[in-house]
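A.B. asks: First the structure, which I've put down as structure tokens, then a few questions once you've had a look.
The values are calculated or read from the model by the stated rules, or taken from the named source; none is laboratory data. Because the structure is predicted, anything quoted here is derived from the model rather than measured. Glycine also receives a Cβ, built like all others from the backbone with ideal geometry; neighbour counts cover every protein chain displayed. Side chains included, ligands, DNA and RNA excluded: accessible areas come from the protein's heavy atoms. Shrake-Rupley method; radii C 1.70, N 1.55, O 1.52, S 1.80 Å.
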Amino acid sequence: VCKSFKKAAENKGLKFEVENLTNNIIYLCDSYSTKQIIHELLHNAVKFTPKGKIKVVARNSGNNSFSVSINDTGIGMSQNFLQKSYKLFLQEEDSYTREYEGLGLGLTLVKEYCKLNKIEISVESQKKLGTQATLLFNNQNLRLQEALN
């Protein structure tokens, strides 16, 4: 998924970095919906970052869990909007003259796909400074892999 967004980011003049600090983890999940989570988060990062960079970091998080963080230096979200950002069809800027197109479905889909795969998501954002979305892949599905070995 990262490879497909690297080109889009670079075409916009953005720096795109991927750092994998995991130990070859295998996580049992629904492949399609998990890829969609990363796809939607990267899509938003590229879309809402006019300049700067996007960085994806995967790391071990202890207790047989790992996390994937997507950080951008984009336009960010206000704290008020962040609290309701998972609602259907909701966008922070909803006027007819808004700069960014879209339906307001991305984060709603992400939240539902995370529930389906027992992935915890947290989003931190500051207006004009950027956003960090962190996915925590819990150890429940990792234990399933250990049982298969």
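A.B. asks: Contact list please: Cβ distance under 6 Å, first residue in the range 47-62 and over 19 Å from residue 4 (Cα atoms) and touching a residue at least 60 places away in the same chain (Cβ under 8 Å), second residue open to solvent by less than 50 Å² (accessible area, probe 1.4 Å) and not charged (D, E, K, R), pairs at least six apart or on different chains.
C.D. replies: 61/67
A.B. asks: Can you give me the number of residues within the range 44-58 that are closer than 12 Å to residue 13 by Cα and touching an Asp or Glu at 6+ places or on another chain (Cβ under 6 Å)?
C.D. replies: 2
A.B. asks: Could you please give the count of residues in the range 1-39 that are open to solvent by less than 70 Å² (accessible area, probe 1.4 Å), in a helix (DSSP H, G or I) and of a type outside the set (S, T, N, Q)?
C.D. replies: Of the residues in the range 1-39, 7 are open to solvent by less than 70 Å² (accessible area, probe 1.4 Å), in a helix (DSSP H, G or I) and of a type outside the set (S, T, N, Q).
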